[in-house]
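Since the structure comes first, as structure tokens, the remarks are kept for the end.
What follows is calculated from the coordinates using simple rules that are stated; it is not laboratory data. All figures in this text were calculated on a predicted structure; none of them were measured in a lab. Here Cβ is always computed from backbone atoms with ideal geometry, including for glycine, and neighbour counts include all displayed protein chains.
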Amino acid sequence: MTRYIIRRLLWGVVLLVLVLALLFVIFRILPTADPAKLRAGRIQNPKIIAEIRHDLGLDKSLPAQFWIYIKGIFLHFNLGYSYYSNAPVKELIFNRLPATLSLVLGGAVIWLFTGLSIGIISARRAGSKLDRASMGTALVLVSAPEFWLGLLVLFFFASDIGKVHIFPGAGSYVGLTTAPDKWFTSLIMPWVVVAAGTAAIYARLLRGSLIETMGEDYIRTARAKGLSERRVVLRHGLRSAINPIVTVLGIDIAVLLGSSVLVETVFDIPGIGRLNYVAITHSDFPIVQGTVLFAAMFVILANIIVDIAYAYLDPRVRYS
Amino acid sequence: MSTPSSAAEPLLRVEDLRVEFPTEDGVVHAVDGVSYEVQRGRTLGIVGESGSGKTVSSLTTLGLTRTQGARISGRILFDGKDLVALSESELRTIRGNEIAMIFQDPLSSLHPFFKVGAQLIEAVRVHQDVSKGAARKRAIELLGLVGIPDPNRRVDEYPHEFSGGMRQRAMIAMALSNEPQLLIADEPTTALDVTVQAQILALLERLQQELGMAIVMITHDLGVVAEMADDIAVMYAGRIVENASAETLFAGPEHPYTWGLLKSIPTLTGSRAQPLVPISGSPPSLINPPPGCHFHPRCPYSQPDHARIDPQLRPLPDAPSHQVACLLEPSVRKRLWDELGEGKTPEQARADVGLPAPAEALASAADPVGDAPEVGL
């Protein structure tokens, strides 16, 4: 098992280097605006531009630049500096991380809880009106774009502009440590919006998986033992049916951590997505590059965690 | 156990059991009026092809067909209680406790993600109020009882780490956790190697002697019931077509379907030159079973009115414990079986006895609604 984990981690590093190379190609080699010019300000003095180019190391050969880039990341986790504020990108991202984590993890709790509950109920009453109604709703939610859903929720429920003033609207986010109650209320609507589509996918996924599992021979054995139907479903059925959910959960959280741009923008939450959005509109490439790298890292890490979790969940994988 | 007083009070008495499954294509009559008895400590073998209703009738005994939307009628009297009429929660106290069941494929019947021990412990603790530690001790004891070596270590292994035979032993151990009075074994050896089959059968026999439980052995393999069963019920298309003690059935089978089953298995004593005779055709649809005798389209001896008259399971005049559902005259059946016993093919036997062939018989009867019978061989 330890060897398996080490192997997976090493592969993760290899993958990360590949991602870095790709990022380097996209942001440095493919034609973009000249970073030196972007930083030089309004009065474009060729001498200053040359100086900046030297400071940024842009006058070195491409392989040398790549080497410096990789070294900076692996040794100091140096993601560069914002063209605009000159602030270290690493710091900018870490400052924004709590908001994004709050949004995504809170959303994950909601989508797991609702998605799994609806999935179980639908599977147990497959074909009933309740099942068809929830699967229909799920289909709508899966198809609804997040930003549209976000705007809709704000339009109806925001305390400032809403039809019914219930929840604090856009821009009301405060840190968890500053004011936990306000942190919670300000995130309710974003959580629901982030969770809606994923909950719908999970409900459909679990429904299918559970229906299939409930037809297995070992479920018949569980019933023949005299277990209650509740225990048969929740222990024996769910234990097998949950596996595909675990796989997607890791990836979903990771992807959202790197790309909750739309929801963060709609609700004006100062997270990584928002940071990225602003950076893109300003051509602040080091930030974009940094957030993309962060997102890639989350996905790689999540994949490793999912693989390890899977080995724990399925003893047949563990030993092979 | 065969005294008249105990025979009057069997452990399990199934009376006119019918199980129907409504489907999109029509109602499947999986079990169509079946009655049988199992005496305490004895073994009943239920024999038939796949789709004959043998498994469904047993699953229904445990109430396991209820969840599939089956329509169930008749009575299943177990120890005086009618299992068909019991509520789900009452039935649960019997399942895995007084009646246990083992299944055909031990690998898919054990939960792949739980340790064998955990599954045994669960089975013990559903019905007994004991601590986890005590249940674990019991689990190890049970694994030892069914002949799994080193049960202290094996108890913490997963089903995929067990061999096929070991898995079935583990299933048996699980079924025995609460010392059931009745064990239903649904094709317990079909998925196993021949040598392992013999071991499992020997194990079941030993356990039956030690624990005194009754066994219902469901199988398509007459060889299996020959070894184990005291009584045998032969099922065809949802019905019992012949019911007798094992001795009687093997010595003097009465139903042409039973003859077919017997003639289609190889024997060690028989001459090698004697060919195996398969039963022609395939099991009938249970949605629209053939009219009259359900077996008549495949029966080499069927006569025109067999497609019209539905035979009932009746005791033989000279042997009341031997029941058969066949429209042929007892004397004709006896002569046919004698002919077959001499190694004749069904056609030769039929000709010797002087029965018209089904096709000719049908043509001469000019029956407009009669199904065209299949004449194979």
Notebook entry, point to check: Please state the relative contact order of chain B as a whole percent: Cα pairs under 8 Å, 6+ residues apart?
Noted result: 17 percent
Checklist line | Cross-link table B:K115/B:K137; A:K47/A:K90; A:K60/A:K90; B:K263/B:K344; B:K54/B:K81; A:K90/A:K182, entries beyond 20 Å C-alpha to C-alpha | finding: A:K47/A:K90; A:K60/A:K90; B:K54/B:K81; A:K90/A:K182
Checklist line | Translational diffusion of segment A:279-320, µm² s⁻¹ [Kirkwood Rh, Cα pairs; Stokes-Einstein; 25 °C; 0.890 mPa s] | finding: 199 µm²/s
Item checked: Whole-Hz ³J(HN,Hα) from phi, Karplus 6.51 cos²θ - 1.76 cosθ + 1.60, for segment A:154-167, glycine and proline x -> 4, 4, 8, 10, 5, 5, 9, 10, x, 6, 10, 8, 10, 9
Next item on the list: Could you rank the peptides A:291-298, B:89-96 by their average count of other C-beta atoms within 10 Å per residue, with the highest value first?
Entry: A:291-298, B:89-96
Margin query: Counting only Cα atoms, I'd like the Rg/Rh figure for segment B:20-138, Kirkwood definition for Rh.
Written below: 1.00
Next item on the list: Estimate the FRET efficiency between A:R231 and B:S264 by the formula 1/(1 + (r/R0)^6), using the beta-carbon distance for r and 60 Å for R0, to the nearest 0.05.
Entry: 0.85
Notebook entry, point to check: Counting only residues 5 or more places away or on other chains, whose amide H sits under 5 Å from the amide H of B:V28 once H atoms are built in the peptide plane?
Noted result: B:F21, B:T23
Item checked: Cα centre as origin, Lys/Arg/Asp/Glu Cβ charges: chain B dipole, Debye -> 920 debye
Check: What is the average number of partner chain Cβ atoms found within 10 Å of a Cβ in B:93-100?
Finding: 3
Next item on the list: Please sort B:139-146, A:278-285 by packing, taking for each peptide the average over its residues of neighbouring beta carbons within 10 angstrom, highest first.
Entry: B:139-146, A:278-285
Check: Could you give P(r) for segment A:146-263, binned at 10 Å from zero, as whole percent values over all Cα-Cα pairs?
Finding: 12, 29, 24, 19, 13, 3
Notebook entry, point to check: From Cα coordinates alone, what are the radius of gyration and Dmax values for segment A:221-280 in angstrom?
Noted result: 20.2, 61
Notebook entry, point to check: To the nearest 20 debye, what is the magnitude of the charge dipole of the protein assembly as shown about its Cα centre, counting +1 on the Cβ of each Lys and Arg and -1 on the Cβ of each Asp and Glu?
Noted result: 3420 debye
Notebook entry, point to check: How big is D for segment A:1-105, in µm² s⁻¹ as a whole number, if Stokes-Einstein is applied with the Kirkwood radius of its Cα pairs at 4 °C and 1.567 mPa s?
Noted result: 80 µm²/s
Item checked: Cα-only Debye scattering, segment A:216-256: base-10 log of I(q)/I(0) at q = 0.23, 0.24, 0.30, 0.32 Å⁻¹ -> -0.69, -0.72, -0.93, -1.00
Next item on the list: Starting from the Cα of B:K344, step 7 Å along the direction of its Cβ; do the same at B:E247; then give the gap between the two resulting points in nm.
Entry: 2.9 nm
Item checked: Averaged over A:49-58, number of beta-carbon atoms from partner chains that fall within 10 Å -> 0
Margin query: Of all beta bridges DSSP finds with both residues in chain B, what is the antiparallel percent, to the nearest 5?
Written below: 60 percent
Notebook entry, point to check: Any idea what Rg and Dmax come out to for segment A:2-46 if you just take the C-alpha atoms, in Å?
Noted result: 18.4, 58
Checklist line | Largest-first principal axis extents, alpha carbons of segment B:90-206, Å | finding: 39, 31, 26
Item checked: Globularity ratio of chain B, using Cα Rg and 2.2 N^0.38 Å -> 1.06
Notebook entry, point to check: Given the convex hull over the Cα atoms of segment B:306-360, what projected area results after averaging over all orientations, in nm²?
Noted result: 4.4 nm²
Item checked: Positive-end residue of B:S73, B:Y36, B:L17, charge dipole of segment B:1-107 with Cβ unit charges -> B:Y36
Notebook entry, point to check: If you count the DSSP beta bridges with both ends in segment B:1-145, what percent of them are antiparallel, to the nearest 5?
Noted result: 95 percent
Checklist line | For chain A, the spread of Cα positions along each principal axis, largest first, Å | finding: 84, 57, 35
Item checked: Total charge dipole magnitude, segment B:197-239, about the Cα centre, Cβ charges on Lys, Arg, Asp, Glu only, Debye to nearest 20 -> 140 debye
Check: In µm²/s, what is D for the protein assembly as shown at 25 °C and 0.890 mPa s, where D = kT/(6 pi eta Rh) by Stokes-Einstein and Rh is the Kirkwood radius from Cα pairs?
Finding: 79 µm²/s
Margin query: Explain nothing, just the number: relative contact order of segment B:154-299, from Cα pairs under 8 Å at least 6 residues apart, as a whole percent.
Written below: 15 percent
Next item on the list: Return the tail of the calculated pair distribution for segment B:103-149, meaning the percent of Cα-Cα pairs more than 18 Å apart.
Entry: 33 percent
Margin query: Tell me which chymotrypsin sites (Phe, Trp or Tyr not before Pro) from segment A:24-105 have a DSSP coil assignment and no more than 16 other beta carbons within 10 Å of their own.
Written below: A:F77, A:Y84
Next item on the list: Can you find, among A:I269, A:G258, A:A170, the residue farthest towards the positive end of the dipole of chain A? Put +1 on the C-beta of Lys and Arg, -1 on that of Asp and Glu.
Entry: A:G258
Next item on the list: Express the relative contact order of segment B:1-121 as a whole percentage, based on alpha carbon pairs under 8 Å and six or more residues apart in sequence.
Entry: 25 percent
Note to self: Spelling out what I want: for every residue of segment A:65-79, take phi, set θ = phi - 60°, compute 6.51 cos²θ - 1.76 cosθ + 1.60 (Karplus), and round to whole Hz; glycine and proline get x.
What the structure shows: 4, 5, 4, 4, 4, 4, 4, x, 6, 6, 8, 10, 6, 8, 9
Item checked: Alpha-carbon centroids, segment A:110-150 and segment A:1-77: separation in whole Å -> 43 Å
Next item on the list: Could you work out, residue by residue across B:106-115, how many beta carbons of other chains sit within 10 Å of that residue's beta carbon, and then give the average as an integer?
Entry: 6
Margin query: What are the equivalent ellipsoid semi-axes of segment B:232-311, built from the alpha-carbon gyration tensor (square roots of five times its eigenvalues), in whole angstrom, biggest first?
Written below: 24, 15, 11
Next item on the list: Can you grab the distance from the C-alpha centre of segment B:224-242 to the C-alpha centre of segment B:113-183, Å, no decimals?
Entry: 30 Å
Margin query: Between segment B:58-73 and segment A:198-248, what is the separation of their alpha carbon centroids in Å?
Written below: 21 Å
Next item on the list: Return the calculated 222 nm mean residue ellipticity for chain B, to the nearest 500 deg cm²/dmol, obtained by summing -39500 (n - 2.57) across DSSP H runs with n ≥ 4 and dividing by the residue count.
Entry: -10000 deg cm²/dmol
Next item on the list: Please say if segment A:91-168 is rounded, prolate or oblate, where rounded means a/c under 1.5 for a ≥ b ≥ c the square roots of the C-alpha gyration tensor eigenvalues, and otherwise the choice is prolate for a/b larger than b/c and oblate otherwise?
Entry: oblate
